[in-house]
Amino acid sequence: MSRRLSVRPCSSFRGTIRPPSDKSLTHRAYMFAALARQGISIVKHPLTGEDCESTLGCLEALGASIQRISETEVRIGAVNDWVGHPVTLDCGNSGTTMRLLCGILAGRDGVEATLVGDASLAKRPMGRVAEPLRRMGAEIEGETAPIRIRGSRLEAIDYQSPVASAQVKSAILLAGLRASGQTTVTEPFPSRDHTERMLTALGVQIDCVGNSASVQGGQEWDAFEFDVPGDISSAAFWMVAALAHEGSEVVFEGLGVNPSRTGILDLLGAMFGNESPIDITGETEELGEPVCRLKIQSPGRLPAFTIQGDLVPRLIDEIPVLAVLATQCDGTTVIRDAQELRVKETDRIAVVTQYLSAMGADIEAMPDGMVVRGPTQLQGAEVDSAGDHRIGMAFAIAGSLAHGETVIENAHAIDTSYPGFARHFEQLSGIVLEGQG
Ligand code: S3P
């Protein structure tokens, strides 16, 4: 992806794509392969974005053998000998890499690691995993990167997490698998449950009751084969494009529809009732993860919507592009209880508000969300991804709806999660995203 992208107005989005593979699932597949008791795991269609490459690089530095068989297959050997000397692990831009590795390494006797990241990751809160892990007996220094960990013996805890975060929950459960006793994590609202589903499919016993998940320490699993489903958070950009451009129809093949990730589909259910713009067929399953073919068409009208409460963790990464959709909706859209957006790759409340205002939207930032009054005709403007992949893509969709030219600076951040974004944009809209640099 070029550093600078120029977006022109589009008429409709039409066609069939396989969205990029799920980022959360690719990270976990790589990590769980390295953690297996024995054997070589086969991960098919992994996401080749930079975040997941950071995870692979860290696992290799820790002692995993990685074989890149082709663009669509990576094989990862279970680590027999964890690295015996102090290592620096570069997590790049990836919060999932850093937080889950904290949980994985905290109970690995003999491992000494320093986890570092880029300028954005270095600002993000790591105390949310370090603090509960310290309660388990972990030796971890730092509240933000660099984080220093020395593997040690862990004791189980019963942890009440103040945030609904799958990264926090997964880090503690992974540490709990190395601790003596039963570790329980309880969240205010359920967050994505990929760790629980995948490990259960691999034979690990995880008890999930209400908003709590518990594991008994000492459980292991063997190597596996996993074909990574498509990422609904990436498909969401085209869903919004299809909803907002009349005459659109987009089909997603192999789309992951884990219920803890389908908040956007529930939101569309609430917005359109019986006149759903969505059609789901061909449901299958992959290591406990539901997968389907999903068709979305442009509806006749776009009503304003509300996002709050337990819906928020189920569509947290889609909120920037849903704010773009809100500018095209009739009435006042309210997004609340979403203060987590302030500690993502950027402060997404501040950045979305700043650039949608620059494009002429009627939008107001709140401490925990945004209020958008629509519909508005957006105007092309110069915006900046600020190094945040989802901001870059959300504003490419905003640009497709705007009069004139929209220029996105630092668009190369999009490669973090969607290396084929420009190609899919052209395939679906017929409009080439012009890049420079
Ligand atoms: C992720 C969990 C979410 C999400 C992130 C990926 C994961 O973050 O925003 O993109 O893979 O567990 P939190 O768990 O911090 O909410």
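Can you say what percent of the DSSP beta bridges in the chain, counting only those with both residues inside, are antiparallel? Round to 5.
70 percent
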Top positive-direction residue, dipole computed over segment 200-251 with Cβ charges, set Leu202, Ser214, Val251: Ser214
Size descriptor, Kirkwood hydrodynamic radius, that averages inverse alpha-carbon separations across segment 224-351, Å: 15.3 Å
Rg(Cα)/(2.2 N^0.38 Å) for segment 58-199, N = residue count: 1.02
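Below 8 Å between Cα atoms, with a sequence gap of 6+, how large is the relative contact order for segment 340-437 in percent?
Result for segment 340-437 is 20 percent.
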For the chain, size of Cβ-based charge dipole, Lys and Arg +1, Asp and Glu -1, in debye: 300 debye
Residue pairs, from the table Lys123/Lys344; Lys23/Lys123; Lys44/Lys169; Lys23/Lys344, whose Cα atoms sit over 19 Å apart: Lys23/Lys123; Lys44/Lys169
Relative contact order [Cα under 8 Å, 6+ residues apart], the chain, whole percent: 20 percent
Most fluctuating residue given options Pro132, Pro188, Pro46, as computed from a GNM of the chain linking Cα atoms under 10 Å: Pro188
Rotationally averaged projected area of the chain (alpha carbon convex hull; nm²): 18.5 nm²
When segment 44-110 is reduced to its Cα atoms, the Kirkwood hydrodynamic radius in Å: 12.7 Å
Calculated log₁₀ intensity ratio I(q)/I(0) where the Debye formula runs over C-alpha points of segment 106-153, q = 0.18, 0.26, 0.31, 0.32 Å⁻¹: -0.50, -0.91, -1.12, -1.15
Lys/Arg +1, Asp/Glu -1 at C-beta; segment 286-421 dipole; positive extreme among Gly392, Ile296, Gly369: Ile296
Calculated on alpha-carbon atoms, Rg and Dmax of segment 160-222 in Å: 10.7, 33
Share of pairwise Cα separations in segment 263-319, more than 13 Å, in percent: 68 percent
Segment 283-369: proportion of alpha-carbon pairs further apart than 23 angstrom, %: 32 percent
Added length on full extension, which subtracts the Cα-Cα distance from 0.36 nm per residue, Glu283 to Glu220: 19.7 nm
Segment 1-81: proportion of alpha-carbon pairs further apart than 16 angstrom, %: 57 percent
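I need the peptides 302-313, 380-391 ranked by packing, meaning the mean over residues of other C-beta atoms within 10 angstrom, with the highest value on top. Let's see the in-between values first.
Working: 302-313: 18.2, 380-391: 22.6.
The packing order, highest mean first, is 380-391, 302-313.
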Per residue convex hull volume, Cα atoms of segment 392-437, in Å³: 75 Å³
Rg(Cα) / (2.2 N^0.38 Å) computed for segment 205-291, rounded to two decimals: 1.40
Expected 222 nm ellipticity per residue - DSSP helices of 4 or more, -39500 (n - 2.57), all of the chain, to 500: -9000 deg cm²/dmol
Rg over Rh [alpha-carbon atoms, Kirkwood Rh] for segment 280-437: 0.97
Highest-fluctuation residue, Ala394, Ala166, Ala119 considered, GNM on the chain with Cα pairs under 10 Å: Ala119
Residue with peak Gaussian network fluctuation, the chain [Cα springs, cutoff 10 Å], from Leu47, Leu322, Leu287: Leu287
C-alpha center-to-center spacing [segment 222-288, segment 99-142] in angstrom: 33 Å
Cα centre as origin, Lys/Arg/Asp/Glu Cβ charges: segment 53-189 dipole, Debye: 240 debye
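Relative contact order of segment 124-171: what whole-number percent is it, with Cα pairs under 8 angstrom and at least 6 residues apart?
32 percent
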Unit charges at the beta carbon, dipole of segment 1-70: most positive-side option, Ile42, Pro20, Leu59: Pro20
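Bear in mind that the values in this text are calculations on the coordinates, not laboratory data. What you see is a predicted model; the values in this text were computed from it and never measured. When we count neighbours, we look across all protein chains shown, and the Cβ atoms used for this are built from the backbone with ideal geometry, even at glycine.
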